[in-house]
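Trainee: Following this message is one structure expressed as structure tokens.
What follows is calculated from the coordinates using simple rules that are stated; it is not laboratory data. Bear in mind the structure is a predicted one, so any value in this text is a computation, not a measurement. Cβ sites come from the backbone with ideal geometry, for glycine too, and all protein chains shown count toward neighbours.
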Amino acid sequence: MDQKIKVFIDGKEGTTGLQIYDRMMARGDVELLLLPDELRKDVDARREFINKSDVTFLCLPDAAAIEAAALCQNDKTIIIDASTAHRTDPNWDYGFPELSAAHREAIKVSRRIANPGCHASGFLALVYPLVKMGIIAPDYPLVSYSLTGYSGGGKKMIAEYEAADRDVLLDSPRQYAIGQTHKHLREMQAVAGLTHPPVFSPIVGDFAQGMEVSVPLYGHLMSGVSSLEELHAKFCEYYKGQPMVEVLPLMGEGMLDRGFVPSNMYAGDNRMHILVAGNLKDGEGRVLLCALFDNLGKGASGAAVQNMNIALGLDECMGLI
């Protein structure tokens, strides 16, 4: 582009908005449209900025994101919504280009992109290829654990964890959403094409950034692969040529300390890293798949910037690697 890209962040004060802001400020090809603080909730001012932008990022609660999207009155502005509001809306394109060629092509021409959820990103990176390749059936009884840094909980949770006089219970990992109603479950099921949502157990830990989403599988319930090596090769081929998704060496060989897999292993990295492990042999045994990434990188703001780059016809890694 000869002219600078006009970018507006609606909700710049939140964690994701601030991270997008930092990434945009570091780029010479972007002109940030900044509302004065006293106008950041003014509907008319926001409408003006949305409609004169090339790209608007919505970093808002769901209801506010729906209202903000409706303020756009032209077919030029690209809206990238970081909320949960539009992730299963057929009128919006799901912003995970590595899932399939169809996802990537849709993002290239889209004006309405729903940025994936952080937990959902890790889950889908592991499960979507398995379903698409016929390795597991859509009705496979899936279970997933997701360990995340506290920054994903927003300003209030960050303040709780970083307070000098914080509760001693925050020293321990804490499982939540135990009623199986986590807001990412809808997109996890819908995008992967599953008959039923997985049993999902998110866990927040005492570290700022990082995420480790795990999916365990039984070998005798899988098709088309009889060994761990074959499964690893399938993932390597599936994500071949994707600069923002990397399949790690089998069992993490040469990368792990005594077999431990830290959840903050890739904090500060905008890419996703996939680990294939387990003891699958001759069609029997168990598999453990892990997606390792930064919950604020490929899990949020990094993914949003990647989607912007693709939609504008730029190098998708610009400002990210």
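Trainee: Highest first, please rank the peptides 229-236, 204-211 by the mean number of other Cβ atoms sitting within 10 Å of their residues.
Mentor: On the way: 229-236: 18.1, 204-211: 21.1.
Packing order, densest peptide first, comes out as 204-211, 229-236.
Trainee: OK, next. Among DSSP beta bridges lying fully in region 1-132, give the percent that are antiparallel, nearest 5. Can you show the working numbers first?
Mentor: Numbers: 0 of 17 bridges.
Among the beta bridges of region 1-132, antiparallel pairing accounts for roughly 0 percent.
Trainee: I would also like to ask the following. Please arrange 142, 169 by how many other C-beta atoms lie within 10 Å of their C-beta, fewest to most. Write down the numbers at each step before the final one.
Mentor: Details: 142 24, 169 7.
Taking fewest neighbouring Cβ atoms as first place, the list is 169, 142.
Trainee: Kindly count the pairs of lysines across region 118-295 whose alpha carbons are less than 28 Å apart, treating pairs on different chains or eight or more residues apart as eligible.
Mentor: Counting lysine pairs in region 118-295 gives 8.
Trainee: Please list the three semi-axes, largest first and in whole Å, of the ellipsoid equivalent to region 1-103, using sqrt of 5 times the eigenvalues of its alpha carbon gyration tensor. Spell out each step's value before the answer.
Mentor: Values: eigenvalues 86, 62, 39 Å².
Output for region 1-103: semi-axes of 21, 18, 14 Å.
Trainee: With unit charges on the beta carbons (Lys and Arg positive, Asp and Glu negative) and the dipole taken about the Cα centre of region 118-295, which residue among 141, 179, 196 sits farthest to the positive side?
Mentor: Projecting each Cα onto the dipole axis, the largest value belongs to 196.
Trainee: Under 16 Å from the Cα of residue 52, which lysines turn up, not counting those fewer than eight places away in the same chain?
Mentor: Excluding near neighbours in sequence, the set is 4, 6, 76.
Trainee: Let me ask something else. Which order do the peptides 288-299, 256-267 take when ranked by the mean count of other beta-carbon atoms within 10 Å per residue, highest first? All intermediate terms of the calculation are to be shown ahead of the outcome.
Mentor: Numbers: 288-299: 27.1, 256-267: 15.2.
Final packing ranking: 288-299, 256-267.
Trainee: Please report Rg over Rh for region 102-159, where both radii come from the alpha carbon positions and Rh follows the Kirkwood definition.
Mentor: Numbers: Rg = 15.4 Å, Rh = 14.2 Å.
Taking Rh as the inverse mean 1/r over Cα pairs, Rg/Rh reads 1.08.
Trainee: While we're here: For a quick check, take a GNM of the chain with Cα springs below 10 Å and name the residue from 306, 175, 189 with the largest mean-square fluctuation.
Mentor: 175
Trainee: I need the peptides 120-129, 25-34 ranked by packing, meaning the mean over residues of other C-beta atoms within 10 angstrom, with the highest value on top. Before the final figure, lay out each step's value.
Mentor: Values: 120-129: 26.4, 25-34: 13.7.
Top to bottom by mean Cβ count within 10 Å: 120-129, 25-34.
Trainee: Over all pairs of distinct alpha carbons, what does the Kirkwood formula give as the hydrodynamic radius of the chain, in Å? Working shown, then result.
Mentor: On the way: mean 1/r = 0.0493 Å⁻¹.
About 20.3 Å for the chain.
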